[in-house]
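The values are calculated or read from the model by the stated rules, or taken from the named source; none is laboratory data. As the structure is a prediction and not an experimental result, all values here were calculated from the model. For neighbour counting, all protein chains shown are included, and Cβ atoms are generated from backbone atoms with ideal geometry for every residue, glycine included.
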Amino acid sequence: MKNITSILDNRISNAILYIRGQKVMLDIDLAEIYGVKTKRLNEQVKRNINRFPPDFMFQLTNEEKQEVVAFCDHLTKLKFSTSNPYAFTEHGALMLASVLSSPLAIETSVLVVRAFVKLREILSKNAELSKKIEELESRYDKQFKVVFQALRALMRDESVKTERPVIGYKIAQNNK
């Protein structure tokens, strides 16, 4: 069971997209995770539309649909779909559990919420770290310039490039 949970947790994390400035999951991914067909999921949403205000769910535009198809390999089948997918925010994904009341949907909703929470924690920690580095840099800029450059590069996942002089001994060669 633990192995299945970790696979499902990984699948959920990979399905979270950033669209219109929000972290969302598409109906096609949520249907697969909840173990139902996309058509069934959307039918239940339409029957309970009052539970899904615009801050819980929105439909992608044609341009947004083309963009997610282009950048997400697992969504290529959407290319041929005649309707645009729905995107669900964290709250909308949780609301689906109450609409899809199967035991699998309820169990999976817990994992979906945990994935969103984990993502929020990661983003929050990065912002806190950036703020602390800026505070330290304002106090110790000249002394630790190389250290701050390295920290910023690591936060951006770049290779560390510093402007340091080469230190070491130069061996003189005797020409006889």
Filter result for the condition that a residue is modelled with pLDDT under 90, outside any helix (DSSP H, G or I) and surrounded by 14 or more Cβ atoms within 10 Å (Cβ to Cβ), over Val36, Val24: Val36
Test: residue in the range 60-81 that is buried (at least 17 other Cβ atoms within 10 Å of the Cβ) and of a type in the set (Phe, Trp, Tyr): no
